[in-house]
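Heads up, the thing below is written out as structure tokens.
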Amino acid sequence: MGKIKRNSLKATRDVLKPYASVFDGDKKPLKAKVIESPIGALIAVSNENNLLFLTPIGGKHLDSELQQLTKVFSKSIVEDDDSKPLKLLESELNEYFIGDLMEFKTPFEMNAIGTEFQQSVWNEIHKIEYGKTSTYSELARKIGKPKSYRAVANACGRNPISIVIPCHRVLASNNGLGGYSSGVEKKVLLLDLEKGTSRVEKKL
């Protein structure tokens with residue numbers, strides 16, 4: 001997907017800087033990688049085995065989410081291009097954005113992040129198939145809390161792993177787009193991509 005512009009990469013490194021030395025004695029920090037995409041630069045974080053976090057740079061909860069990761073895992077976050085989960089993720093995102101991948105195989109974990117309610121919502125979101133959509137009300141019914149559609153919408157907004165856990169496929173009950181923490185225009189691009197009405201030219 002091409003090379004990230006130098007100023008974009010610097011801005012991302014600046015975002016990560018406060019978390020690189022949170023735990024000075026940590027021998028195995030969480031690994032971060034900047035991944036260029038058609039919806040802007042993405043920041044991904046993993047441990048040794050699993051993806052923990054994926055969001056566009058500029059997401060409104062980015063700083064608080066990075067803080068939460070360091071606290072939950074008691075680890076610093078450092079930029080690292082050798083993380084196996086992040087290498088696989090970058091390859092799969094490249095295929096996804098040119099329309100050649102409909103299901104991610106990158107292993108992920110969410111059990112240490114979010115409330116029990118949020119995790120139940122995120123698990124249901126993960127079941128929404130490529131090219132299909134659901135609504136906040138439908139998700140609320142599926143988790144057995146039909147009156148909690150507003151809380152479901154809030155949980156969607158705090159989804160820690162964008163795209164892989166496809167909260168962009170969740171719409172308002174009136175078929176409106178609903179919100180998207182990284183900006184509704186990014187949600188539209190992802191939905192159009194999955195409908196086959198938009199394609200991103202592959203760049204090697």
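Answer yes if at least one residue in region 126-142 is in a loop (DSSP other than H, G, I, E, B), more than 22 Å from Asn49 (Cα to Cα), over 18 Å from the mean Cα position of the chain (by Cα) and free of Cβ contacts under 8 Å to residues at least 12 places away in the same chain, and no otherwise. Scanning region 126-142 turns up no residue that is in a loop (DSSP other than H, G, I, E, B), more than 22 Å from Asn49 (Cα to Cα), over 18 Å from the mean Cα position of the chain (by Cα) and free of Cβ contacts under 8 Å to residues at least 12 places away in the same chain.
Among what's in region 190-204 and is in a helix (DSSP H, G or I) and surrounded by fewer than 18 Cβ atoms within 10 Å (Cβ to Cβ), pick the residue that is modelled with the highest pLDDT. It would help to see each step written out before you state the result.
In the first step, residues of region 190-204 are kept if they are in a helix (DSSP H, G or I); the result is 190-195.
With surrounded by fewer than 18 Cβ atoms within 10 Å (Cβ to Cβ) added as a condition, the list becomes 192, 195.
Values: Asp192: 93, Lys195: 89.
Applying the filter and picking the extreme gives Asp192.
Can you tell me which residue is modelled with the highest pLDDT among those in region 166-175 that are surrounded by fewer than 23 Cβ atoms within 10 Å (Cβ to Cβ) and assigned to a loop (DSSP other than H, G, I, E, B)? Before the answer, list the steps.
From region 166-175, those surrounded by fewer than 23 Cβ atoms within 10 Å (Cβ to Cβ) are 169, 171-175; that's our starting set.
Still in the list and also assigned to a loop (DSSP other than H, G, I, E, B): 172-175.
Working: Ala172: 87, Ser173: 80, Asn174: 74, Asn175: 65.
So the residue we want is Ala172.
Those strands (runs of 3 or more DSSP E) of region 15-107 in which at least 1 residues are of a type in the set (Lys, Arg) and surrounded by 15 or more Cβ atoms within 10 Å (Cβ to Cβ), considering only elements entirely within it, cover 30-35.
The values are calculated or read from the model by the stated rules, or taken from the named source; none is laboratory data. Please read these numbers as outputs of a predicted model, since none were measured by experiment. Because the Cβ atoms are built from the backbone with ideal geometry, glycine has one as well, and the counts that use them run over all protein chains shown.
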